Amino acid sequence: MATKSILNKKSLTFLESYLNNAAPTGYEWDGQKIWMDYLTPYVDEFITDTYGTAVAVINPKATYKVVIEGHADEISWYVNYISENGLLYVIRNGGSDHQIAPSKIVNIHTKKGIVKGVFGWPAIHTRNRAKEEPPKPENIFIDVGAKDKNEVEKMGIHIGCVITYPDEFHILNDDKFVCRAIDNRAGGFMIAEVARLLHKNKVKLPFGLYITNSVQEEIGLRGAQMIADRIQPNVAIVTDVTHDTTTPMIDQKVQGSAEIGKGPVIAYAPAVQQKLRDRITETAEDKKIPFQRAALSRATGTDTDAFAYSNGGVASALISLPLRYMHTTVEMVHREDVENVIKLIYETLLTIKEGETFSYFE
């Protein structure tokens, strides 16, 4: 018998509008406004910083502070060069995949509004099959239908304009959420749902809870670094996405084993504080929440690293959402995994006592 969903109609409406909104690295504020509007009934106050990280706070006067965190930004492109015949050449803003670019429609963000364009590509009939050139960052280009550089500039396009994909949210086979930017606005959604459930169930936490939606993760964990110094938390539970490694052309001996629909992925890594991680796995076992494990060499590559090594060391852990086709416009996750990440964070918070150090020496 299927368990009752914890997501309601309002939750899913928020998820769709939040994912469909463009929030590229360095330009996250419109998405943050949507996120904060949704959270307003469930929290006591908000903190924002100079670069756009947003934090919703429950019990802000408490001295003991727990962070639950996701990151808000999505990968994108910058206009880097405009040719005399009106074509745009680009550089990455984050880890944008050049191989998926040809034939994609794009939104170019200007002060005059959105300008549509397409990543053009030579027709198959015209290419030399013996020496076929693959798409590369140096040769992909955007066509906005302009005859020359002057016409491009009259549209409001200039060097530095940011470029996003317009692909929107949809559901496959009733339970697979598909969209660009699930990495990692799914994280922002899941931590917001934890706050909603705490409010719904009238939970009184013995600590301050800082629901943190960081910016600029895609270019080096920058938002988390800044906000960790400001909050100075005692504990941080970070959620991000990780690879479903069951799809073609992925070597599980290298990438590990994880699959959508089989539960959250709990990380084992130097930055992950073991006693906090054990609390999470024990909570999952106690509450019968399915989960998977992943071993990560050196850094986790997520905001966990930024929190763990801040302020003299913060007990930090990583709970990941398995995802297919990362950094494409068809990122895919399983609805049950989304719900189980929410449940796991929620239930773990209920076990944390004020003043816990998670020390190895106690």
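Suppose the filter is within 28 Å of Arg324 (Cα to Cα), touching a Ser or Thr at 6+ places or on another chain (Cβ under 8 Å), of a type in the set (D, E, K, R) and in contact (Cβ under 8 Å) with a residue 24 or more places away in the chain; does Asp175 pass it?
When the stated conditions are applied, Asp175 does not pass them.
Tell me which of these Asn107 doesn't satisfy, since it passes every other one: (1) open to solvent by less than 50 Å² (accessible area, probe 1.4 Å); (2) of a type outside the set (Val, Ile, Thr); (3) part of a helix (DSSP H, G or I).
Asn107 satisfies every listed condition except (3).
Evaluate the following for Glu362: is it out of contact with any strand residue (DSSP E or B) (no Cβ under 9 Å at 6 or more places or on another chain), assigned to a loop (DSSP other than H, G, I, E, B), open to solvent by 60 Å² or more (accessible area, probe 1.4 Å) and closer than 15 Å to Val67 by Cα?
For Glu362, the condition - out of contact with any strand residue (DSSP E or B) (no Cβ under 9 Å at 6 or more places or on another chain), assigned to a loop (DSSP other than H, G, I, E, B), open to solvent by 60 Å² or more (accessible area, probe 1.4 Å) and closer than 15 Å to Val67 by Cα - is not met.
Kindly indicate which of Leu12, Leu39 is within 16 Å of Met190 (Cα to Cα), in contact (Cβ under 8 Å) with a residue 12 or more places away in the chain and in a helix (DSSP H, G or I).
None of the others qualify; the one that does is Leu39.
All but one of (1) among the acidic types (Asp, Glu); (2) out of contact with any strand residue (DSSP E or B) (no Cβ under 6 Å at 6 or more places or on another chain); (3) open to solvent by less than 30 Å² (accessible area, probe 1.4 Å) hold for Asp240; state the number of the condition that does not hold.
Result: Asp240 passes all but (2).
Name the pairs whose Cβ atoms lie under 6 Å apart, with the first residue in the stretch 190-219 and at positive phi, the second assigned to a helix (DSSP H, G or I) and open to solvent by less than 30 Å² (accessible area, probe 1.4 Å), and 6 or more positions between them or separate chains?
Note: pairs meeting the criteria are Gln216/Gly223.
How about the stretch 252-278: which of its residues are in a loop (DSSP other than H, G, I, E, B) and either among the aliphatic types (A, V, I, L, M) or open to solvent by less than 70 Å² (accessible area, probe 1.4 Å) (or both)? Outline the logic, then answer.
Taking the stretch 252-278 and keeping what is in a loop (DSSP other than H, G, I, E, B), we get 256-264, 269-273.
Result: Gly256, Ala258, Glu259, Ile260, Gly261, Gly263, Pro264, Ala269, Ala271, Val272, Gln273.
If Ser103 meets every condition in (1) in contact (Cβ under 8 Å) with a residue 24 or more places away in the chain; (2) under 14 Å from Phe141 (Cβ atoms) apart from one, which number is that one?
Of (1) in contact (Cβ under 8 Å) with a residue 24 or more places away in the chain; (2) under 14 Å from Phe141 (Cβ atoms), only one is false for Ser103: (1).
Considering (1) open to solvent by less than 20 Å² (accessible area, probe 1.4 Å); (2) more than 30 Å from Val106 (Cβ to Cβ); (3) not β-branched (Val, Ile, Thr), say which one Asp303 fails and leave the rest.
Tallying (1) open to solvent by less than 20 Å² (accessible area, probe 1.4 Å); (2) more than 30 Å from Val106 (Cβ to Cβ); (3) not β-branched (Val, Ile, Thr), Asp303 fails exactly one: (2).
Quick test for you: out of Lys112, Lys61, pick the one residue that is open to solvent by 10 Å² or more (accessible area, probe 1.4 Å) and under 23 Å from Trp29 (Cα atoms). Spell out how you get there, then give the answer.
Details: Lys61 fails: under 23 Å from Trp29 (Cα atoms).
Answer to the selection: Lys112.
Could you tell me whether Thr40 is of a type in the set (S, T, N, Q), modelled with pLDDT of 95 or more and open to solvent by 20 Å² or more (accessible area, probe 1.4 Å)?
On the way: of a type in the set (S, T, N, Q): yes; modelled with pLDDT of 95 or more: yes; open to solvent by 20 Å² or more (accessible area, probe 1.4 Å): yes.
Here the answer is yes, as Thr40 does meet what is asked.
Just a yes or no: is a residue in the stretch 279-288 under 30 Å from Leu172 (Cα atoms), over 22 Å from the mean Cα position of the chain (by Cα), in contact (Cβ under 8 Å) with a residue 24 or more places away in the chain and not in a helix (DSSP H, G or I)?
The answer is yes; a qualifying residue exists.
What tally of residues in the stretch 153-175 results from selecting those that are in a strand (DSSP E or B) and over 29 Å from Pro41 (Cβ atoms)?
Residues flagged as in a strand (DSSP E or B) and over 29 Å from Pro41 (Cβ atoms) within the stretch 153-175 amount to 4.
When you scan the stretch 284-299, do you find a residue that is on the phi > 0 side of the Ramachandran plot and among the charged types (D, E, K, R), even just one?
Scanning the stretch 284-299, I find at least one residue that is on the phi > 0 side of the Ramachandran plot and among the charged types (D, E, K, R), so the answer is yes.
Is it true that Ala228 is open to solvent by less than 10 Å² (accessible area, probe 1.4 Å) and not in a helix (DSSP H, G or I)?
Here the answer is no, as Ala228 does not meet what is asked.
The values are calculated or read from the model by the stated rules, or taken from the named source; none is laboratory data. Just so it is clear, the model here is predicted, and its values are computed rather than measured. Positions of Cβ are backbone-derived with ideal geometry, glycine not excepted, and every protein chain shown enters the neighbour counts. With ligands, DNA and RNA removed, areas are computed over all heavy atoms of the protein, side chains included. Shrake-Rupley method; radii C 1.70, N 1.55, O 1.52, S 1.80 Å.
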